[in-house]
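Every read-out reported here was derived from the displayed coordinates using simple, explicitly stated rules and does not represent laboratory data. Note that this is a predicted model, so its numbers are computed, not measured. Cβ placement follows ideal geometry from the backbone for every residue including glycine, while neighbour counts extend to all protein chains displayed.
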Amino acid sequence: MAKTYADTVKEELLGVTGSGDHCRLTEAGAIIRMTGAKDASDPGSLIVSENGAAVRKVFTLLTKAFNINVVLSERPGTRRGRPVTSLSVPDPKEFRKVTQAVRRYEKPVRDCCIRAYLRGAFLACGTVSDPEKSYRLEFITTDGNAETLMEYLAASGLEAKCARRRGNMIVYLQDAAGVADMLGVLGAKRMYLELENTRVIREVRGGINRKLNCETANIRKTVGASIRQAEEIRLIDETVGIGSLPPSLAEMANLRMQYPDESLTELGLRAHPPVGRSGVNHRLRRISEIADGLRGQTARQSGVSAEGKGVIE
């Protein structure tokens with residue numbers, strides 16, 4: 001199976017272990033609570049999951065915090081071919097020691113421990129989309145865990161939303177800044193920098209595309225207006241002649257026919273004396289009105305001729 005962007009983020013987080021036992025135990029407790037499964041046949045079972053990476057992270061955290069015998073094992077799974085990884089503490093005294101310590105930090109108050117809790121939660125039930133495609137980071141969990149996550153995300157300055165999907169609660173962030181800040185909070189510094197780099201590139205690319213689209217639209221508009229103006233000037237020339245126009249309009253008509261691709265500003269600079277864009281627009285609008293008048297006159301004359309022809313017949 002190809003590695004996803006979320007897999008890459010989690011790989012980095014597996015190497016982040018917090019600054020002290022309080023953070024390590026908080027993160028371990030979050031992973032244990034978010035998976036919510038134990039081996040009923042094993043009194044020393046702490047966690048059983050198909051999420052082997054998360055279970056191995058608990059193993060790392062506990063062995064750093066305690067000098068005890070923690071057993072990590074793996075067996076074939078029953079669903080989708082995934083193996084099941086389990087973690088247990090065989091000695092009853094050591095098991096109680098671990099579970100009591102984990103409970104002690106199940107409600108973190110320090111900022112570092114809140115970040116550790118969120119990191120553990122993400123390893124257990126989180127995912128994030130590839131920023132090349134979209135910006136979305138989410139936790140797929142239960143109602144109670146969702147409420148806790150919303151509280152700790154808010155404490156970290158992150159505005160998350162919550163929704164129900166196929167029986168699960170989804171806590172999610174769906175904007176570039178929010179996802180980037182979340183990666184920073186989790187401690188995925190390398191992926192945070194990569195996302196910010198991708199974000200800048202996408203924004204620059206989007207800005208260029210918007211500018212090109214705008215320029216293309218302006219070019220089409222200019223070309224369309226130029227073609228219409230040229231048709232109107234030819235109509236005037238073929239009926240009454242360009243020379244019949246006032247000098248300023250005749251000059252502008254000749255300039256438009258000579259430079260059909262130029263903008264109004266460029267045409268204005270060629271006039272004698274030069275005129276501004278609004279002046280050029282005014283003259284071309286007057287030419288258009290004259291052409292409209294000539295069209296109406298021609299139409300009326302055609303109507304009269306057709307009527308007279310019918311009488312003769």
task = With all distinct Cα pairs included, what does the Kirkwood hydrodynamic radius of the stretch 222-312 come out to in Å, to one decimal, could you say?
result = 14.1 Å
task = Arrange C125, C162 by Cβ neighbour counts within 10 Å, fewest through most, would you?
result = C162, C125
ask   = In whole angstrom, how far apart do the alpha carbon centroids of the stretch 93-110 and the stretch 242-303 sit?
value = 86 Å
request  = Enter the angle in degrees (range 0 to 90, nearest 10) between the Cα long axis of helix 247-258 and the first principal axis of the Cα atoms of the chain, meaning the one along which they spread out most.
outcome  = 60 degrees
ask   = Binned at 5 Å from 0, what are the whole-percent values of the Cα-Cα distance distribution for the stretch 207-250, short to long?
value = 5, 21, 15, 15, 11, 10, 9, 7, 5, 2
task = Compute the acute angle (0 to 90°) between the alpha-carbon long axis of helix 176-186 and the principal axis of greatest extent of the alpha-carbon atoms of the chain; round to the nearest 10°.
result = 20 degrees
inquiry  = For the chain, take every pair of Cα atoms, bin their distances at 10 Å starting from 0, and report each bin as a whole percent.
reply    = 5, 19, 19, 11, 6, 7, 9, 10, 8, 5, 2, 0, 0
inquiry  = Please list, in order along the stretch 88-103, the HN-Hα scalar couplings obtained from phi with the Karplus expression 6.51 cos²θ - 1.76 cosθ + 1.60 (θ = phi - 60°), rounded to whole Hz, x for Gly and Pro.
reply    = 8, 10, x, 6, x, 5, 5, 4, 4, 4, 5, 5, 5, 5, 5, 4
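Anything over 24 Å Cα to Cα? Flag those among K64/K107; K10/K93; K3/K189; K3/K211; K64/K161, in the order listed.
Numbers: K64/K107 21 Å; K10/K93 32 Å; K3/K189 19 Å; K3/K211 36 Å; K64/K161 35 Å.
Distance filter (> 24 Å) returns K10/K93; K3/K211; K64/K161.
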task = Determine one quarter of the surface area of the Cα convex hull of the stretch 5-187, which equals its mean projected area, and express it in nm² to one decimal.
result = 10.4 nm²
